[in-house]
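First the structure, in the form of structure tokens, and then the observations on it.
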Amino acid sequence: MIEIGTQVDLSHPPDRVWLALTDLELLGRWFVEAETVEGVPDRLLLHTAGLPGFDADVEVEVTERNAPELLSLRCDEAGRLTELTCAVTATKEGSRLAVREVTTHGAWSAEQHEPREQQLRQALTVRLPAILDWLAFQQVDLRRGEAGMTAELPLIGAGGAAAPTRWRRRTLVAVVGGAVLVAGTAAWITLPTGSDPAAAPAPTGTPSASATSVAPTVAPTAAPSARPSRTAASATARPSRTPSAKPSRTPSSAPPAPPQVVVVARYETDSSRLFGYTGEIVVDNPGGAPAANWSVVVTLAEGTTVDDVDDATWRQDGRTITFTGPAVSAGGSQTFRFDVRDSRPKAREPESCTIDGKPCAGL
């Protein structure tokens, strides 16, 4: 008879630990995915194939159930039979969970025993407490003072009065600046619209010398008989301000239109995180010119929010997230990632993803 056993002290009441042991969806988040066997009560199939220390999936039959203290199972792993016992006891700090598995037919090899025990210990000390912490936020325990309740949510009050417990969730707000365009105003000069001034009369006067006189002793006339009119002289000298012809502003030919750039996107989900996932989107530009303005729009599932974004600018409107980024060179690509928190243990992918109105591949 070969035995594997470990125990862990948890800061949660036995009822909460029991729920994590018996709810199939929660069990799949901290240990391994499980499903019921159709038509057979109290029978389960644990998808353990590929885990350290396991050769195949394990068929499980519940032999004893005493909530919230004891759960006994009979296991069959490809012909190797074992009995698995989960015992929950209340403590002053919360509860203690002891897990023990004993072989009844067949045995584990030396290469299987240690990895199998390490896998169980890691699940109990790392992943199970994370699930229980999440349940503590979902189920606010108001039974203060009773044994086993140790982790209470903080009470925030004003003037000594207790306020309801609040779960403060980190929210990232993206601020997008808008550009203001200033239009210039052209000044138009209105020209005077009167009739053209009349031609000025010729000035009157005696010439300075006679055109036919050849005698040098003839003296010129001292002064003209009258001064020319200043008004007439100004009108005669001033040129007309009305342009004779206006050049045409119509261009001879229109400039060629810039080439149209079409970009595509691929989406991929990394669901290795607890209570959420990381989405990755690759924007490809197969064209021959840079893509300066691209926009990826992702619609999240109900109850999910964005925690963080790398290598892109983003803004959120309800469940719709719009991502933009730097120009993508011709034949190049741009990759960005975003972390999503899910209110349920099992992460749900986005409902849709588009780039410039076209669906993303991979979703």
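The values are calculated or read from the model by the stated rules, or taken from the named source; none is laboratory data. Predicted model only: the values in this text are computed from it and were never measured. Backbone-built Cβ (ideal geometry, glycine too); neighbour counts: all protein chains shown. The protein model used for the area step is the full one, side chains on, heavy atoms only, and it has no ligands, DNA or RNA in it. Shrake-Rupley method; radii C 1.70, N 1.55, O 1.52, S 1.80 Å.
Worth a mention:
A quick yes/no check of all residues on (1) in contact (Cβ under 8 Å) with a residue 40 or more places away in the chain; (2) touching a strand residue (DSSP E or B) at 6+ places or on another chain (Cβ under 7 Å); (3) not hydrophobic (A, V, I, L, M, F, W, C):
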site: Ala98; (1), (2), (3): yes, yes, no
site: Glu101; (1), (2), (3): yes, yes, yes
site: Glu114; (1), (2), (3): yes, no, yes
site: Gln122; (1), (2), (3): no, no, yes
site: Phe137; (1), (2), (3): no, no, no
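- Residue that is most open to solvent (accessible area, probe 1.4 Å) [pool: residues in the stretch 1-17 that are under 19 Å from Glu101 (Cβ atoms) and at pLDDT 90 or above]: Gln7
- Checking each residue in the stretch 317-354 for being crowded, with 16+ Cβ neighbours inside 10 Å, in a loop (DSSP other than H, G, I, E, B) and aliphatic (A, V, I, L, M) picks out only Ala347.
- Residue check for Val60: assigned to a strand (DSSP E or B) and touching a residue at least 40 places away in the same chain (Cβ under 8 Å): no
- Neighbours by Cβ (under 8 Å, 6+ apart or cross-chain): first from the stretch 19-39, within 14 Å of Glu59 (Cα to Cα); second in a loop (DSSP other than H, G, I, E, B) and open to solvent by 50 Å² or more (accessible area, probe 1.4 Å): Val32/His47; Glu33/His47; Ala34/His47; Glu35/His47
- Test: residue in the stretch 23-45 that is surrounded by fewer than 18 Cβ atoms within 10 Å (Cβ to Cβ), of a type outside the set (D, E, K, R) and assigned to a helix (DSSP H, G or I): yes
- Residue within the stretch 283-290 that is more than 30 Å from Ala20 (Cβ to Cβ), in a strand (DSSP E or B), touching a strand residue (DSSP E or B) at 6+ places or on another chain (Cβ under 7 Å) and touching a residue at least 60 places away in the same chain (Cβ under 8 Å) present: yes
- The residues in the stretch 292-316 that are of a type in the set (Asp, Glu), in contact (Cβ under 8 Å) with a residue 24 or more places away in the chain and open to solvent by 30 Å² or more (accessible area, probe 1.4 Å) can be counted, and the count is 3.
- For the stretch 64-78, a residue qualifies if it is part of a strand (DSSP E or B) and open to solvent by less than 70 Å² (accessible area, probe 1.4 Å), and the qualifying residues are Leu70, Leu71, Ser72, Leu73, Cys75, Asp76, Glu77.
- Restricting attention to the stretch 79-92, the residues that are under 14 Å from Pro13 (Cα atoms) and open to solvent by less than 30 Å² (accessible area, probe 1.4 Å) add up to 2.
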